[in-house]
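Below is one structure; the comments refer to it alone.
The values are calculated or read from the model by the stated rules, or taken from the named source; none is laboratory data. Treat the numbers as computed from the prediction; the structure is a model and nothing was measured. Accessible surface is based on the protein model in full, side chains and every heavy atom, while ligands, DNA and RNA are left aside. Shrake-Rupley method; radii C 1.70, N 1.55, O 1.52, S 1.80 Å.
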Amino acid sequence: MTTIQTLLQDIKAAPRGPQVAAIFDFDGTIIAGYSATAFIREQVRRGDLSPRQLAEIIAAMTSFGLGNLGFSGLMAINAQFMRGIEESTYNEVGAQLYSKQIARLIYPESRALVDAHIARGHTVAIISSATPYQVEPAAADLGIEHVLCSQLEVSEGRFTGNAVKPLCFGQGKVDAAESLAQRTGADLDRSFFYSDSTDDLQLLERVGHPRALNPGGK
């Protein structure tokens, strides 16, 4: 695996300016583990999930991990249990969970890479299959301006129980990166993408500088 020193040297050798994007996956890349775990625990604590619903989510996550359920199916199951809850509640939950639990999960190496890209004036972004409530507090803390992730449908301030398509997974991450490039003028052929997972292979193949960071088995 490439050392952090080598990764930092690569950043210093890259051109300055926003035409170079530095894109980070979130779960397993910026943080150790999965932010969804903390959110599910909080949903149980708050009474937003019944024992039966928790069992359904765990079964869905297991099926997804085994490759028997697609990401869209997993999100559909998770989203339905959010129906009727005020979105503002989860903005608050996300901020609280970040300060109390998720902040300490940030890899120091990931923070160093983010800081190095910011110092070069690069367009720094998180593109994640997670929701904004999981990702945005971390992005704010790290000084990352751009967040593109999976969205839950909201109507009149409340979750409808549906996920917004397309989701930010697989080709959806490539589409999000292309959208980022179009908005910011970044050139993906000159850009970096950091990920721990082969789930992100499509975006890793799309950028000029793919980087395996804390690589896992998936």
* To do: Run down the aspartates and glutamates and flag those whose C-alpha is under 16 Å from the C-alpha of K100, throwing out any fewer than 8 positions away in its chain.
  => E42, E92, E136, D141
* To do: Taking the convex hull of the Cα atoms, report for the stretch 1-88 its projected area averaged over all directions, in nm².
  => 9.1 nm²
* At 0.36 nm per residue, minus the direct Cα-Cα distance, what do E92 and L8 gain on full extension? Give it in nm, one decimal, please. => 26.8 nm
* Structure fact -> Given (i) 17.2, 53; (ii) 18.6, 58; (iii) 16.5, 48 as possible values of Rg and Dmax of the Cα atoms in Å, the one from the coordinates is (i)
* Express the carbon and sulfur contribution to the solvent-accessible surface of the chain as a percent, rounded to the nearest whole number, probe 1.4 angstrom. => 51 percent
* May I ask you to give the solvent-accessible area per residue for the stretch 36-133, in square angstrom, as obtained with a 1.4 angstrom probe? => 48 Å²
* Asked: How far is the Cα center of the stretch 32-103 from the Cα center of the stretch 141-156, in Å?
  -> 16 Å
